[in-house]
1. So if we plug the beta-carbon distance of residue 154 and residue 180 into 1/(1 + (r/R0)^6) with R0 = 25 Å, what FRET efficiency do we get, rounded to 0.05?
2. If amide H atoms are built 1.01 Å from N in the plane of the peptide, which residues on other chains or at least 5 residues away come under 5 Å of the amide H of residue 186?
3. Residue 120: which aspartates and glutamates have alpha carbons under 19 Å from its alpha carbon, excluding same-chain residues fewer than 8 sequence positions away?
4. What does the charge dipole of the stretch 71-217 about its Cα centre add up to, to the nearest 20 debye, if the Cβ of each Lys and Arg holds +1 and the Cβ of each Asp and Glu holds -1?
5. Using the alpha carbons of the stretch 44-109, what is the convex hull volume per residue in cubic angstrom, as a whole number?
6. Provide the convex hull volume over Cα atoms per residue for the chain, in Å³.
7. Relative to the longest principal axis of the C-alpha atoms of the chain, give the angle of the C-alpha long axis of helix 150-166, reported between 0 and 90° and rounded to the nearest 10°.
8. Under the Karplus relation 6.51 cos²θ - 1.76 cosθ + 1.60, θ = phi - 60°, what is the ordered set of whole-Hz ³J(HN,Hα) values for the stretch 69-84, x standing for Gly and Pro?
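Computed from the coordinates by the stated procedures, all read-outs in this text should not be read as laboratory data. For clarity, every value in this text was computed on a predicted model and none was experimentally measured. Note that we place each Cβ from the backbone using ideal geometry, even for glycine, and neighbour counts take in every protein chain shown.
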Amino acid sequence: MPLRRPFHALIASVLATLLVSFVTTIARADTGAPVLLVVGDSISAGYGLTKGTGWVDLLAARIEAQHPPWRVVNASITGDTTAGGRARLPALLAQHKPGVVIVELGGNDGLRGGNLRSTKDNLDSMVAMVRKAGAAPLVIGMRLPPNYGPAYTREFEALFGDVAKANHAALVPFFFAGFAESDEWFQGDRIHPTAAAQPKLLDNVWPVLSPLIAKAR
């Protein structure tokens, strides 16, 4: 004759089963939300800014308002280079399974006077990885101050467009468009935009990014 379970034990078992089911449902919902991944350097990491005021934070708020249920994952690191981004990207793609990836890297390569062929190769590889993962890539371009010499600065500026064109990726030609010549929009180092400039950064990215999000739904 089978043993009967006490009533309170049966109720506890049922409640536990329901709780597990509920948690699993939430986890699946979180996992199922489309992800916009930002892989950048200090400009996207919010260097020198109050937490929550960077352009990626403003982007997350706009995404929430205009493109739910998309969510933004900011994987930007101050000081990062294209080599660092290339090394980090495979794990980020595997972890977050993004639908769109913004690549905002290269500025530190140029400021350090690095080999621009290596910078281009790194960006090419990153965009290819994004494509292979089934996500839409967006490359953000940057420029250097004129003191790096005309040949180097021209090559640096051109490589972002070359990478985007070769890989059929979306492109923001110049992240600081519209305010780069005015010191008032930059912190004391004249490299990092102020809090007041963050909406300008978002406005430079948004017209290119928004169609990618809509298409990737």
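1. Working: r = 16 Å, r/R0 = 0.64.
Plugging the Cβ-Cβ distance into 1/(1 + (r/R0)^6) gives 0.95.
2. 194
3. Once the sequence-local aspartates and glutamates are set aside, what remains near residue 120 is 41, 80, 104, 109, 155, 157, 162.
4. Numbers: 16 positive and 13 negative charges, 147 e Å.
About 700 debye.
5. So the per-residue Cα hull volume is 88 Å³.
6. On the way: hull volume 34.6 nm³, N = 217.
It comes to 159 Å³ per residue, whole-number rounded.
7. The angle comes out near 40 degrees.
8. Residue by residue, the stretch 69-84 yields x, 4, 10, 9, 10, 9, 10, 7, 10, 4, x, 5, 10, 5, 5, x Hz.
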